[in-house]
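One structure below.
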Amino acid sequence: MDSLFSQLCVLGSSLVLIFGLILLWRRGVTAYVTAFTWQSIVLAAVTVTVAYFGHDHELYWVAGALVLLKVVVIPRLLRRMERRFAAERELEPYVNTATSLVISGLLVLFGYAITRPLVALSQLPTRAGMPLAMGLVLVSLFVVISRKKALTQVVGFLMLENGITLLAVLGTYGIPLIVELGVFLDVLLGFLVMQIFIYQIHETFESIDVEQLNRLRH
Amino acid sequence: MTGYVLELAQAVLALLLAPGVVGLVRWMKARLQNRRGAPAWQPYRELGKLFRKEVVVSGNASWLFHAAPFVVFASVVAVTFLVPILAVPLPFDGIGDLLVVVYLLLLGTFFLSLAGLDPGSPFGGMGASREMTVAALAEPTVALAIFALALGAGSTNLGQIVARTMTDPGAALSPGHLFAFGALFIVTLAETGRLPVDNPATHLELTMIHEAMILEYSGRYLALLEWAAAVKLLIFFSLLGNLFVPWGVSLALTPATLAVAVASLLVKIVILAAAVAVLETRIAKLRLFRVPELLSVSFVLALLAVTSSFLLR
């Protein structure tokens, strides 16, 4: 029973990480939104799995809120932005695609290295997925710093948040529902603020290339 | 003794089945695109026709041009003896493990590229240089992806890897296996010249890779090369099918289990052929300069596969 549980968790975490890697390889915003939506669906499935095997009923609510926010609301808002900025493709990131893929591979390795003591200490059957969640956090951070388009960075930030949620669910069977709700609200508000920023950047520069912001120094 | 007979039967089956697999992918693709399509046995007819035609060789070609089809064909035939297609363990398991398989396949690729360069036609040179670019990126990924499985099994022997996964079914869902499957699937498309990397349906494009190298060939040489390419596809399909989902592979050499093994092999091949056909219908060919990016995706997947199976042992 436990081995099935840990297998399912590791499987889910691997899929979540793979959807994170799509961000580095694809260029169109449409692909990013699809990847984010699927990642959130898998994340919700992992949460439900943990709730079922860990007998924690609060986690079902967390999974429900997750689906509502990250599978329905945020992708819809992202699609609306995409309609407006679809022509803005990630053509020249700071680090080219092949190199960033190799770097992300190394980052996942690094994730394995730093979660080693954590995994060794933990007794939970979910522990094997934690390095993958940490890997996703690092890869998403890398997306945020290495990509130029504001919209890509926003999706990177959202995936970073998914990584942290996954780490919490796997590492401690989730944080209390009230805290989780607060986090979700923060994510939504943060996303809305970023959305306003992006529209403003686009208004000012007629592009969502954040490199343009360098001009503000003069 | 039965083991050796079985080895021979396995190789013969692979050789006979291979053109049918190519035909099946073509037929499925045609149906998906609302065309009637040639029947799945069309490649057999084409091979038969080519074997009867005379060979025309360029005056500039050296002995290499004549030798290459035989080397390419021989290398894939040798691999059919080493890959677990129907049963494990096989008597030849001791002769060659995963590294031998990878490098035998590379030997064929190498000679095909030389043969492409040999007659001095500009297309051949272009094809050869592209094939080498793809091979240099794809070959390490094949080795790395199968290494991820080898780590779990504690042996690079393909037969033992299959046997290990069958005794421990949970391993088939481990991240190592999943990442490695993704990596090997992408490499299969690249190595066998399928769509995102090379277009198998044409030989009139500037972007072609495999067809560019064999453009100068005709008659039975061409037949051998086409046949070898089909067998290579079958080898990759059976690696994907039997290493990752080994159920059905015969562990005992009885007629009943062998019948199950043949049936399950056919099912796996049909599923993989359908996957390739759907994929080729859905996506367009990648720009040549994006191919290394696709292959680095598969390399990273293979790298993750090795790490996770190493660290989660």
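We did not get these values from a lab; they are worked out from the coordinates using the rules stated. For clarity, every value in this text was computed on a predicted model and none was experimentally measured. Reconstructed Cβ throughout: ideal geometry from the backbone, glycine too, with neighbour counts over all protein chains shown.
Side notes on the structure shown:
- Note, ³J(HN,Hα) from phi for the range B:67-73, Karplus 6.51, -1.76, 1.60, rounded to Hz, x at Gly and Pro: 7, 4, x, 5, 5, 4, 5
- ³J(HN,Hα), Karplus 6.51/-1.76/1.60, whole Hz, each residue of the range B:290-304, x for Gly, Pro: 8, 4, x, 5, 4, 5, 6, 4, 5, 5, 5, 4, 5, 4, 5
- Inter-site label distance for B:V100 and B:L279 at 7 Å from Cα along Cβ, in nm: 2.9 nm
- Chain A: calculated mean residue ellipticity at 222 nm from DSSP helix runs of at least 4, using -39500 (n - 2.57): -25500 deg cm²/dmol
- Relative to the longest principal axis of the Cα atoms of chain B, the long axis of helix B:175-191 lies at roughly 20 degrees.
- Relative to the longest principal axis of the Cα atoms of chain A, the long axis of helix A:130-146 lies at roughly 10 degrees.
- Cα centroid separation, the range A:38-68 to the range B:42-90 (Å): 54 Å
- With R₀ set to 30 Å, the beta-carbon distance separating A:F110 from A:D186 gives a calculated FRET efficiency near 0.65.
- Placing pseudo-labels 7 Å out from each Cα toward the beta carbon at A:Y199 and B:R31 gives an inter-label distance of 5.0 nm.
- Normalised radius of gyration (Cα atoms, divided by 2.2 N^0.38 Å) for the protein assembly as shown: 1.06.
- Taking Cα atoms only, the orientation of helix A:177-205 departs from the longest principal axis of chain A by about 10 degrees.
- Separation of the range A:77-122 and the range B:185-254, taken as the distance between their Cα centroids, equals 33 angstrom.
- Built amide H within the under 5 Å cut-off of A:K148, gap 5+: A:Y94
- Helical mean residue ellipticity (222 nm; -39500 (n - 2.57) per DSSP H run of 4+; nearest 500) of chain B: -24000 deg cm²/dmol
- Relative to the current alpha-carbon distance between B:R290 and B:I271, full extension at 0.36 nm per residue lengthens the span by 4.1 nm.
- Overall shape of the range A:1-156 was characterised from the C-alpha gyration tensor. The equivalent ellipsoid obtained from it has semi-axes of 29, 21, 10 Å, in decreasing order.
- J(HN,Hα) series, the range B:150-164, from Karplus relation 6.51 cos²θ - 1.76 cosθ + 1.60, nearest Hz, glycine and proline x: 4, 4, x, 7, x, 7, 8, 6, 4, x, 5, 4, 4, 4, 5
- Added length on full extension, which subtracts the Cα-Cα distance from 0.36 nm per residue, B:L206 to B:A256: 13.0 nm
- Pairwise alpha-carbon distances in the range B:2-311 exceed 34 Å for 19% of all pairs.
- Rounded, prolate or oblate (a/c below 1.5 giving rounded, otherwise prolate when a/b exceeds b/c) for the range A:87-136 by Cα gyration tensor: prolate
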